[in-house]
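Asks: Following this message is one structure expressed as structure tokens.
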Amino acid sequence: MKFGVTVSRFDEIDLAVEAERSGYDFCWVWDSPLLRSNLWVMMALVAERTQRIRVGSGVAIPGLRVAPVTANAIATINRMAPGRTFLGVGTGNTAMRNMGQLPMKVADYAEDLRVIRALLNGETVDYTANGRTHPVNFQSLELDYIDIENPIPIHVGGFGPRSQSLAGELGDGLITGIPRGGSIPDALTNVERGAHQAGRNLDGFETTALVNMLMLNSDETLSSPRVLEEVGSSVMVNVHYLYDRFLEAEAEPPKFVESIWDQYVAFRRERDANRSISDIHSSHYGHLDEEEARFVTPELIRECAIVGQPGDIVEQLTELERQGLDGINFIPPVDQQYEIYSRFASEVIQRM
């Protein structure tokens with residue numbers, strides 16, 4: 001099992017440096033322009049300050065920039081950190097909705113991945129934008145302004161069957177979420193379907209999950225104020241995602257939110273009738289909205305998080321590894337991340 005940290009602000013570069021010293025394997029950088037610092041600036045700083053840890057986007061949103069620009073950006077980072085750079089991509093639930101836009105459709109997602117993949121392979125590929133199609137490739141490579149000699153794995157973000165299948169078709173890895181992305185075996189079945197349709201094998205393929213993590217102190221309950229403060233924001237990200245889908249397509253909620261769903265929908269409809277969606281997503285992985293705290297029940301925490309004493313967490317992670325999961329990442333609250341990542345390294349990573 002590999003372990004990652006996430007940085008999202010200019011002031012967190014030292015977190016990646018400390019994570020490298022503590023035994024973490026990779027570092028993700030956010031791509032949410034209205035919530036956090038610039039993705040590529042942050043990745044460059046992490047690459048410059050570290051020597052071993054793998055550096056990648058977690059995840060880059062193709063809808064925020066054209067495909068050749070994304071390919072150039074990650075290949076530039078690879079010039080700084082050759083052989084330890086990867087590109088994580090996703091359709092952009094938070095980043096796009098904060099701009100009043102919808103996440104990218106799967107067909108458009110696939111097209112961007114196709115172009116990025118070809119460019120990073122050093123190929124010439126047809127690129128279409130604004131009604132015009134033109135063959136494009138990286139030029140003047142003798143100037144060493146990028147590095148595509150050292151392979152750059154593409155990890156495709158996917159919570160649903162179609163995007164998970166796309167990871168098998170075009171990616172070197174899958175980034176999913178627990179529980180939003182379903183079980184690991186189900187996700188891998190979708191990946192294998194996409195790989196089979198594309199005639200690819202999955203040698204070296206990596207499956208990584210963004211999880212919610214809660215290490216309990218001795219004799220602590222899931223109703224304690226500390227628990228809510230530590231995990232409440234990340235748990236509610238799952239609920240926000242499901243509510244957005246419900247508004248757009250009246251999608252039925254999965255079982256893990258059934259206990260709160262009707263009350264939560266009624267609450268959101270009343271409170272947010274004249275409220276910007278940006279206000280809702282601003283709390284993601286930063287703080288727990290006080291008005292939503294009552295929905296973070298012990299039952300919901302257990303459904304949405306890996307919970308327990310360090311030994312319990314090791315057992316749960318070992319089982320996920322047995323199911324085919326290769327790595328995890330989790331995002332503590334901003335004001336607690338150094339302490340929580342350090343404790344996790346000493347009490348969990350060292351035991352695995």
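Asks: Criterion first (within 22 Å of residue 186 (Cβ to Cβ), of a type outside the set (Gly, Ala, Ser), in contact with a Cys (Cβ under 9 Å, 6 or more places away or on another chain) and at pLDDT 90 or above) does residue 235 satisfy it?
Replies: Working: within 22 Å of residue 186 (Cβ to Cβ): yes; of a type outside the set (Gly, Ala, Ser): yes; in contact with a Cys (Cβ under 9 Å, 6 or more places away or on another chain): yes; at pLDDT 90 or above: yes.
In short, yes.
Asks: Could I ask something else about it? Where residues in the stretch 250-282 are more than 23 Å from the chain's Cα centre (by Cα) and small (Gly, Ala, Ser), which of them is nearest to residue 102 (Cα to Cα)?
Replies: That would be 276.
Asks: Also, I was wondering about something else. Residues in the stretch 126-183 that are more than 15 Å from the chain's Cα centre (by Cα) and assigned to a helix (DSSP H, G or I): how many?
Replies: Residues in the stretch 126-183 being more than 15 Å from the chain's Cα centre (by Cα) and assigned to a helix (DSSP H, G or I): 10 in total.
Asks: Cβ-Cβ distance below 7 Å, separation of 6 or more or different chains: which pairs start in the stretch 246-259 with a residue that is loosely packed, with under 14 Cβ neighbours inside 10 Å and end on one that is not small (Gly, Ala, Ser)?
Replies: Listed pairs, sorted by first residue: 251/245.
Asks: Right, next: With (1) touching a Cys at 6+ places or on another chain (Cβ under 6 Å); (2) under 18 Å from residue 71 (Cβ atoms) as the list, and residue 40 as the residue in question, which single condition is left unmet?
Replies: Checking residue 40 against (1) touching a Cys at 6+ places or on another chain (Cβ under 6 Å); (2) under 18 Å from residue 71 (Cβ atoms), the one that fails is (1).
Asks: So if I check each of 87, 102, 45, 113, which one is more than 16 Å from residue 156 (Cβ to Cβ), touching a residue at least 24 places away in the same chain (Cβ under 8 Å) and under 19 Å from the mean Cα position of the chain (by Cα)? Steps first, please.
Replies: Details: 87 fails: more than 16 Å from residue 156 (Cβ to Cβ); 45 fails: under 19 Å from the mean Cα position of the chain (by Cα); 113 fails: more than 16 Å from residue 156 (Cβ to Cβ).
After applying the criteria, what remains is 102.
Asks: For the stretch 88-110, give me the residue count where each residue is aliphatic (A, V, I, L, M) and within 22 Å of residue 34 (Cβ to Cβ). Talk me through it step by step, then tell me what you get.
Replies: If we filter the stretch 88-110 for residues that are aliphatic (A, V, I, L, M), which is where we start, we get 89, 95-96, 99, 102, 104, 106-107, 110.
Subset that is within 22 Å of residue 34 (Cβ to Cβ): 89, 95-96, 99, 102, 104.
Result for the stretch 88-110: 6.
Asks: Give me a count of the residues in the stretch 268-299 that are of a type in the set (A, V, I, L, M, F, W, C), modelled with pLDDT under 95 and not in a loop (DSSP other than H, G, I, E, B).
Replies: 3
Residues checked against (1) out of contact with any Ser or Thr (no Cβ under 8 Å at 6 or more places or on another chain); (2) over 19 Å from residue 221 (Cα atoms); (3) in contact (Cβ under 8 Å) with a residue 24 or more places away in the chain:
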site	(1), (2), (3)
306	yes, no, yes
318	yes, yes, yes
329	no, yes, yes
335	yes, yes, no
338	yes, yes, yes
341	no, yes, yes
346	no, yes, yes
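Asks: Looking at 88, 63, which one is touching a Gly at 6+ places or on another chain (Cβ under 7 Å), surrounded by fewer than 23 Cβ atoms within 10 Å (Cβ to Cβ), more than 22 Å from residue 137 (Cβ to Cβ) and of a type in the set (Gly, Ala, Ser)?
Replies: Working: 88 fails: surrounded by fewer than 23 Cβ atoms within 10 Å (Cβ to Cβ).
None of the others qualify; the one that does is 63.
Asks: May I pose another question? Restrict the check to the stretch 204-211 and report whether at least one residue is under 20 Å from residue 303 (Cβ atoms) and not small (Gly, Ala, Ser). If you could, list the steps in order and put the result at the bottom.
Replies: Within the stretch 204-211, the subset under 20 Å from residue 303 (Cβ atoms) is 209-211.
Keeping just the survivors that are not small (Gly, Ala, Ser) gives 210-211.
Yes, some residue in the stretch 204-211 is under 20 Å from residue 303 (Cβ atoms) and not small (Gly, Ala, Ser).
Asks: Looking at (1) in a helix (DSSP H, G or I); (2) touching a Ser or Thr at 6+ places or on another chain (Cβ under 9 Å), which is the only condition residue 238 fails?
Replies: (2)
Asks: Oh, and also: Considering (1) without any contact (Cβ under 8 Å) to a residue 40 or more places away in the chain; (2) in contact with a strand residue (DSSP E or B) (Cβ under 8 Å, 6 or more places away or on another chain); (3) closer than 28 Å to residue 276 by Cα, say which one residue 174 fails and leave the rest.
Replies: Exception for residue 174: condition (3).
The values are calculated or read from the model by the stated rules, or taken from the named source; none is laboratory data. Note that the coordinates shown come from a computational prediction; the quantities given were computed from them, not determined experimentally. In this analysis, Cβ positions are derived from the backbone assuming ideal geometry, glycine residues included, and neighbour counts consider all displayed protein chains.
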